[in-house]
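Read through the structure below, which is laid out as structure tokens, and then see the notes.
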Amino acid sequence: MEYRDLVVIGAGASGLSAALSAKNDGIDDILIVEKDDMLGGILNQCIHQGFGVHYLGENLTGPEYAQILSQKVYQNDIDVMLNTFCIDISEDKIVTLTNEDGVHKIKAKSVILSVGARERHIKELKIPGSRPSGVYTGGLAQQILNKRGYKIGKEAVILGSGDIGLIMCRRLILNNIKVKAIIEINDKIGGNKRNFKECVEDFDIPVIKNSTICEIKGTERVEAVVVKNIKNDEKQTIKCDTIITSIGLTPNLTVPINSNMKIDSKKINMDKYNQCSIEGVFCCGNICKIYSLVDDVSYDGEYVGKIASEYIKSKKLVDIDKVEVDKSSIATDGITCLICPNGCNLKQSSTGDIEGNLCEKGIEFFKDEIINKKRSITSTVKIKNSKDRLPIKTSKPLEFKYIYEAVNIIDNMEVSSPVKMGDIIIENILNTGVNIVSCRDI
Amino acid sequence: MYDVCIIGAGVVGSFVARELSKYKLKVLILEKNSDVCSEVSKANSAIFHSGYNNKPNTIKAKYYNRSHEIIDQICSDLDIEYKKTGSLLVSINNLGRDSIYEKYENGVKNNVPGIKILQKKEILELEPNISDQATLALYAPTTGIVNPFEMTVAACENAMENGVELKLNCEVIGISKNNEDLFEIKCKDNNKYFSKILINCAGLYTDKINNMISNDKFFEIAPKKGQYIVLDKLEGNIVSNVIFMTKDKEDKKKRGVIVSPTTSGNILLGPSAEDTKENDNTFTTEKKLNFIQNGAKRVCPSINLDNVITSFAGFRPNANLFVKNKDTGEIEKEKAKDFIVKQSSDVAGFINVAGIKSPGLTCAPAIAEDVAKMVVEILGKVEKNESFNPKRKKVVKFKNLDEESRNEFIKSNKSYGNIICNCELITEGEILDAIHRKCGATTLDGLKRRTRIGMGRCQGNFCTLKALEIMSRELKIPIEKLQKSNQGSEFFMGE
């Protein structure tokens, strides 16, 4: 049996932040366990921007956020086991792991469980109809499109207007997949205004509100969906071959269930120190509750990392201040500025003046976004001799009229490793002065 | 040229094939779908009934009794999970109370072991989550549950290990007899197969197949659709017996539903019963799913219906017989009360196995014995296959192994250390085994049913892509060509 002070299960934003915070608090004997072949978790498939403004002080793509945290983990000499799956955690904190070398047992002084969430799937909505192929959750569609580049369909309908639904809308369009409609059960958009503007309005995609899919048609592949307005029961049929769902996340409870931890109606039972029903086992990130900002997931990880460190040192649970992004700063009717953590809520007054900015940069940001209609784009490019793809982004926003052409160029190129994060992949694309840069090392 | 051709690789066709592989015969199964067990055999209540429903002096009752004699041996030989859970037929608020006594008496006549009538208190002792409105119940300890797909695939795989050939994606579109008195069977893909004997196990299409070759069009299939709901394992302890409800003879809307444990630890609710003309459309409807949920709530009020994982539908291949009215001389339709297992009246060597509705799953092994006997009689001298191996081992479930065995498996084959499906703990090793053995998986649904990959809480969101990439690599099929089930169900589109 191997012994460790701290075992962190799951190397997404919360797990990496927790491990780094415990290390910072003087815990040296840490092991991070990750089931995938790289650190970063779901961040790696979220190639869009908007991560890290608060926690890392920069507007990053998911892969960049993942790489920055991963680099810190490696620089701090924290041990990592990749391609390793946690089966369960026993009452006396023996963690059972399995990988291609066999079954491993590690006795830990403390365990941090940061295995994230899973997506709710269409079957949970009990939608009647047939069960053809062509129905994907937003996350599975991200894996398929962003990590592999397989063509997922020709005509799609998106169910749910949360941020993942909106972001997938733009992703599909830029992948030459027609988005016929976004279906939203409430009377307002679920995701933030900026995403709605850049992912939906820019492309004139209809949003059908107060509605849901009430039937799926098609024997082998999806052929159509019947959309019902829940207010007046009116139905319409929309032909499509693909359905992308964005109907929310729910904590991933497989490890807690396998470990017989206490669960209260689909939520893990935990105290105010994020300690679950096994003493010394703490949870952080989306397994505790579904966060809307990855920055808050990292803050939660940091918080739990500190609690676990104190517990390892003194066997005591200590009250620690918890940081969370001020929700009031997230724009509800304006556009959130992404230049710095202030996250100003920018609006244009009736006289045309830009309001809400704390500094001049906000005016520039607003002008680019709204007046000049400049857009950052993210995508992935083929890596020679690999099935993986390299996430990329524009170095600065590009005039909207160029984005289709730019994406077409990006789609048809191939890179050879090694590449570093920030390396220029295409210089001065379409003579716009904008570069296409890599979002991680390969 | 084959000695015997079987049309349909459902549970009956597969057991017939296995039975015939005990002889030195060249046997072919033609299946129109991309996998075995794709229609009637796949979507049903998955129950081995105890037998109190059977009318004495029917072939159903005969097969039924025979199956109960051999089923333990067959399940052990083929490594099929068969759990004797017991069952309760429950009367809520005295609804259909009389039928409990009727069925009890019928059960006694049929020698069903251990059946007894339970009063309210005894019901609640046995099943504490049953409604306190349950006033009377018939308890049958020998009722059991199986996984119908596992049962079918096990029989077919074992048949193939013993020399039977299986051709998938082969829809029969025409049958004739040639000059040499051989059946000439034409498939949609233009291939032709020849055989001395033809066995019609085509389930919902047995009438079509019969009418292709025989002028004695004595039956039709009138499918009855049944919808089901599956609940998460979190709800798995709500009942431990199979729970049936008595039905109200007057008010059909008060038809009961079954609340049943499954071999995988989930709970199955259903079925509805709907007449239908479309026997290829297994869609579910809001109305019937509500009916099922309401029925389940009536018998188990504390059931948590938020834990629904999925819903599905299947068909009962009910048969109607065309009979001449003795008085008027007119041909009339009547519902077949028994199975049809017999040689055609006008085509020698053509055997119909039709109308195999409930308890067809239970009876399949005994029907197969009987059909094999008919084949041997028709062919005359047939030698036994001395090398017949009755045993088959299922794909090892890593999840069910103890730690020492898990380690051994990984040490001998490291792919067992690569967990692909997080929710159900399915390893790459199991996937490779399910793909490469006889009657192996060629579609994602086929892989799911053989391994349970993607059948857990997340329904495949984490593992679908990984599974498809493994299948593509192992089967050497481009990923765009991989199907969910039949042709047209590809996941990705080529350029």
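Only the coordinates and a few stated rules stand behind these numbers; no lab work does. Everything numeric here is computed off the predicted structure, so don't read it as measured data. All Cβ positions, glycine included, derive from the backbone under ideal geometry; neighbour counts span all protein chains shown.
Report the FRET efficiency, 1/(1 + (r/R0)^6), for residue A:430 and residue B:404, where r is their Cβ-Cβ distance and R0 is 45 Å, rounded to 0.05. Present the calculation step by step, with values, prior to reporting the outcome.
Values: r = 62 Å, r/R0 = 1.37.
After rounding to 0.05, the efficiency reads 0.15.
For the pair residue A:76 and residue A:399 in one chain, pulling the backbone fully straight at 0.36 nm per residue adds 112.2 nm over the alpha carbon distance. Just want the answer: with Cβ charges of +1 for Lys and Arg and -1 for Asp and Glu, which residue in B:398, B:425, B:446 is farthest toward the dipole's positive end in the range B:396-474? My answer, from the dipole projection, is B:446. Label-to-label distance for residue A:351 and residue A:24 is 4.4 nm, based on points extended 7 Å past Cα in the beta-carbon direction. Selection among B:259, B:272, B:284 by position relative to the dipole of the range B:255-299 gives B:259 as farthest towards the positive end (Cβ unit charges, Cα centre).
At most 11 other Cβ atoms within 10 Å and a DSSP loop assignment: could you name the trypsin sites (Lys or Arg not before Pro) in the range A:129-215 that fit?
Values: sites: A:147, A:148, A:151, A:154, A:170, A:171, A:178, A:180, A:188, A:193, A:194, A:197, A:209; in loops: A:151, A:154, A:188, A:209.
Qualifying residues, ordered by number: A:188.
A Förster radius of 60 Å, combined with the Cβ-Cβ distance separating residue B:438 from residue A:267, puts the computed FRET efficiency at roughly 0.85.
What is the calculated FRET efficiency for residue A:289 to residue B:189, with r their C-beta to C-beta distance and R₀ = 60 Å, to the nearest 0.05? It would help to have the intermediate numbers written out before the result.
Values: r = 54 Å, r/R0 = 0.91.
Efficiency at R0 = 60 Å is approximately 0.65.
Against the longest alpha carbon principal axis of chain A, how many degrees, from 0 to 90 and to the nearest 10, is the axis of helix A:294-314 turned? That works out to roughly 0 degrees.
If you count the DSSP beta bridges with both ends in the protein assembly as shown, what percent of them are antiparallel, to the nearest 5?
Values: 104 of 158 bridges.
Within the protein assembly as shown, antiparallel bridges account for around 65 percent of the total.
For the range B:456-495, trypsin sites (Lys or Arg not before Pro) are listed when DSSP marks them as loop and at most 16 other Cβ atoms sit within 10 Å of their Cβ; the list is B:476.
Share of antiparallel DSSP beta bridges in chain B, in percent to the nearest 5?
That works out to approximately 75 percent antiparallel.
Taking the longest Cα principal axis of chain A as reference, the axis of helix A:62-75 is set at about 20 degrees.
How do A:8, A:157 rank when sorted from fewest to most other Cβ atoms within 10 Å of their own Cβ? The partial results should precede the final answer.
On the way: A:8 34, A:157 24.
Lowest to highest Cβ neighbour count: A:157, A:8.
Placing +1 on the Cβ of every Lys and Arg and -1 on the Cβ of every Asp and Glu, with nothing else charged, gives the range B:157-214 a dipole about its Cα centre of roughly 220 debye. Before anything else, pin down the relative contact order of the range A:181-233: Cα pairs under 8 Å, at least 6 apart, normalised by residue count, whole percent. Normalised by residue count, the contact order of the range A:181-233 is 36 percent. In loop segments of the range B:318-375 as defined by DSSP, the GluC sites (Glu not before Pro) with at most 12 further C-beta atoms inside 10 Å of their C-beta are B:330. Spin-label pair residue B:66-residue B:240: with each label point 7 Å from Cα along the Cα-Cβ axis, the two points sit 3.5 nm from one another.
For chain A, what does the relative contact order come out to in percent, with C-alpha contacts under 8 Å and a separation of six or more? Please report the intermediate quantities before stating the final value.
Details: 1030 pairs, mean separation 74.6, N = 442.
Relative contact order for chain A comes out at 17 percent.
For residue B:24 and residue B:98, the difference between the fully extended length at 0.36 nm per residue and the C-alpha to C-alpha distance is 21.4 nm. Counting only Cβ charges, +1 for Lys and Arg and -1 for Asp and Glu, the dipole size of the protein assembly as shown around its Cα centre is about 2220 debye. Taking chain A as the reference, fit the longest principal axis to its C-alpha atoms, fit the long axis of helix A:13-24 to the helix C-alpha atoms, and give the angle between the two in degrees, 0 to 90, nearest 10. For A:13-24 against chain A, the angle is about 40 degrees.
Report for chain A the percent antiparallel among DSSP-assigned beta bridges with both residues inside it, nearest 5.
Details: 46 of 81 bridges.
Once the DSSP bridges in chain A are tallied, antiparallel ones form about 55 percent.
With charges only on Cβ, +1 for K and R and -1 for D and E, what is the dipole size of the range A:206-348 about its Cα centre, in debye, rounded to 20? Before the final figure, lay out each step's value.
Details: 19 positive and 19 negative charges, 50 e Å.
I would put it at about 240 debye.
So what is the calculated 222 nm ellipticity per residue for chain A, using -39500 (n - 2.57) for each DSSP H run with n of 4 or more, over all residues, to the nearest 500 deg cm²/dmol? It would help to have the intermediate numbers written out before the result.
On the way: 9 runs with 92 residues, N = 442.
When only DSSP H runs of four or more count, the value is -6000 deg cm²/dmol.
Restricting to Cα pairs below 8 Å that are 6+ residues apart, what does the relative contact order work out to for chain B? Please round to a whole percent. Present the calculation step by step, with values, prior to reporting the outcome.
Numbers: 1064 pairs, mean separation 96.8, N = 495.
RCO, chain B: 20 percent.
Relative protection proxy for B:74-86, B:143-155, from highest mean packing down: B:143-155, B:74-86 (other beta-carbon atoms within 10 angstrom).
With Cα atoms defining each centre, the range B:86-105 and the range B:116-164 are spaced 16 Å apart in the structure.
Put in order of Cβ neighbour count within 10 Å, fewest first, the listed residues A:214, A:169 become A:214, A:169.
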